[in-house]
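**Student:** There's a structure below that I have some questions on.
The values are calculated or read from the model by the stated rules, or taken from the named source; none is laboratory data. Just so you know, these numbers come straight off a predicted model, no measurement behind them. Glycine gets a Cβ as well: all are built from the backbone with ideal geometry, and neighbour counts include every protein chain shown. Protein only, heavy atoms only, side chains kept; ligands, DNA and RNA dropped before computing areas. Shrake-Rupley method; radii C 1.70, N 1.55, O 1.52, S 1.80 Å.
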Amino acid sequence: MNRALTAAGMWGLLVTTVLVGVPLALRDRLPDPLATHWSDAGPDNSLSFTQNLLFTVAMALVALAVMVGVVLHGRAFERRLSRAYWWGFLFGWGLFVIGMELSILQANLDVADWTLARPAGWGVAATMAVAAAVGVLAGFLFRGAPDQERPRNEAAPRLRLRAGQRSVWVSRVTNVWLVALAVGAGVLTLALGVFTLMGLMEGPASALLGGSALVLVAGLATSSATVRITEDGVAIGFGPLGWPVRRIRLSKIESAWSEVRHPSQVGGWGLRGVPGSAAIMLRGGDCLVLRYRSGGQLLVSVDDAARGAALLNALLEERVGR
């Protein structure tokens, strides 16, 4: 934790120095205001020199404050995956903000008016590529030691099944914030649709309809999940209708157990993970963990996970055998 706080402080100081020092050094060669946004026809928006300076510094420092808060919270560094996310975002975001600012400065350099600024497309593309690459590298280098896995010879929880008895376990989890987001997007989509049909929205404003509809669909699909364990395996359904469904056969699972995990330990809410370790995290707390025979793991935040794991292990012992 101390190393992370020290790195965040030093990196934040360096990023702030670049974001403040470079524009001030070039101020005499820049127009005021500066072009800050482009369309196909050229520059279409601007900010004053001071506004642009304050905005970019705020982008860096607000994100840095959030990262420091995550460290002080403590749980973010308990898992290797969350450490990788933290280090990757720390360096990747800092470079992204610096690259975007340098692209804007380069486009405005030595022009008489912001409307004459050069296109900044290549700079944006290069910035995104470099920031992503550095973020991935930083996450890989500083992710730390592997998590201590559950011993394979440790007795897994099991239910005692009666001969010929059919057993089913079903549990559901909902993220109220994502539900609220989906409801809000639904109301906005309906309103925009009515306005569009009435001819009250034209041009770029009508594009909001597509964006709100996309948020609605994504919110519905990720706001809740239903986990069902039967003799056929595990089925994880998404959204209020339980669709789409991810199915996992018993033959692919080695064992199951329950753990208490939090979003900060797996990289946030939603679908998270890297090859070999994935998570469906809709809320912190009780989670069902599946260990695949291939060595990977899947974690699902769901209520009554211990009972689900016990049934799954009993089915594995009875139907698959080990």
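**Student:** So which DSSP H runs in the chain come out at 24 Å plus along the axis (Cα) with average Kyte-Doolittle of at least 1.6? Provide the component values of the computation, followed by the final result.
**Tutor:** Working: long enough: 2-25 (34 Å, 1.30); 49-73 (36 Å, 1.95); 80-108 (42 Å, 0.67); 121-141 (30 Å, 1.83); 176-197 (31 Å, 2.29).
Taking the DSSP H segments of the chain (at least 24 Å long, mean hydropathy at least 1.6), we get 49-73, 121-141, 176-197.
**Student:** Here is a further query. Computed from the coordinates I sent, semi-axes √(5λ) of the Cα gyration tensor in Å equals one of (1) 40, 22, 18; (2) 47, 27, 14; (3) 35, 22, 17. Tell me the label.
**Tutor:** (2)
**Student:** Report, to one decimal in Å, the Kirkwood hydrodynamic radius for region 271-313 based on all distinct Cα pairs.
**Tutor:** By the Kirkwood definition, the hydrodynamic radius is 10.7 Å.
**Student:** Please work out the Cα center distance from region 280-322 to region 1-48, rounded to the nearest Å.
**Tutor:** Region 280-322 and region 1-48 have Cα centres spaced 47 Å from each other.
**Student:** Heavy atoms only, probe 1.4 angstrom, no DNA, RNA or ligands counted: give me 56, 50, 226 ranked by accessible area, highest first.
**Tutor:** Putting 56, 50, 226 in descending order of accessible area: 50, 226, 56.
**Student:** Rounded to the nearest 500, what is the 222 nm mean residue ellipticity of the chain from helices alone, with -39500 (n - 2.57) per DSSP H run of 4+ residues and division by all residues?
**Tutor:** -16000 deg cm²/dmol
**Student:** Expressed as a whole percentage, what fraction of the accessible surface of region 167-282 belongs to carbon and sulfur atoms when a 1.4 Å probe is rolled over the protein heavy atoms? Intermediate results must be reported in sequence, preceding the final value.
**Tutor:** On the way: 4410 of 6290 Å².
Roughly 70 percent of what the probe reaches on region 167-282 is carbon or sulfur.
**Student:** Taking the Cβ-Cβ separation of residue 112 and residue 65 as r and a Förster radius of 45 Å, what is the calculated FRET efficiency to the nearest 0.05?
**Tutor:** Details: r = 38 Å, r/R0 = 0.85.
The value I calculate is 0.75.
**Student:** Compute the FRET efficiency between residue 293 and residue 6 as 1/(1 + (r/R0)^6), taking r as their Cβ-Cβ distance and R0 = 41 Å, and round to the nearest 0.05.
**Tutor:** 0.45
**Student:** For residue 197 and residue 134, calculate 0.36 nm times their separation in residues minus their Cα-Cα distance, and state this gained length in nm to one decimal.
**Tutor:** 18.0 nm
**Student:** Subtract the Cα-Cα distance of residue 177 and residue 51 from 0.36 nm times their separation in residues, and report this length gain in nm to one decimal. Please report the intermediate quantities before stating the final value.
**Tutor:** Numbers: separation 126, 0.36 × 126 = 45.36 nm, distance 3.28 nm.
Result for the pair: 42.1 nm of gain on full extension.
**Student:** Antiparallel as a % of all DSSP beta bridges within the chain, to the nearest 5? Before the final figure, lay out the partial values.
**Tutor:** Values: 40 of 44 bridges.
In the chain, approximately 90 percent of DSSP beta bridges are antiparallel ones.
**Student:** While we're looking at this one, here's another question. Given points 7 Å out from each Cα along the Cα-Cβ axis, report the residue 26 to residue 170 separation in nanometres with one decimal.
**Tutor:** Roughly 6.1 nm, to one decimal.
**Student:** With the crude spin-label approximation of a point 7 Å out along Cα→Cβ, what separation in nm comes out for residue 303 versus residue 39?
**Tutor:** So the label points at residue 303 and residue 39 sit 5.0 nm apart.
**Student:** Restricting the count to DSSP beta bridges whose residues both fall in region 221-310, what percent are antiparallel, rounded to a multiple of 5?
**Tutor:** Counting only bridges with both partners in region 221-310, antiparallel ones make up about 90 percent.
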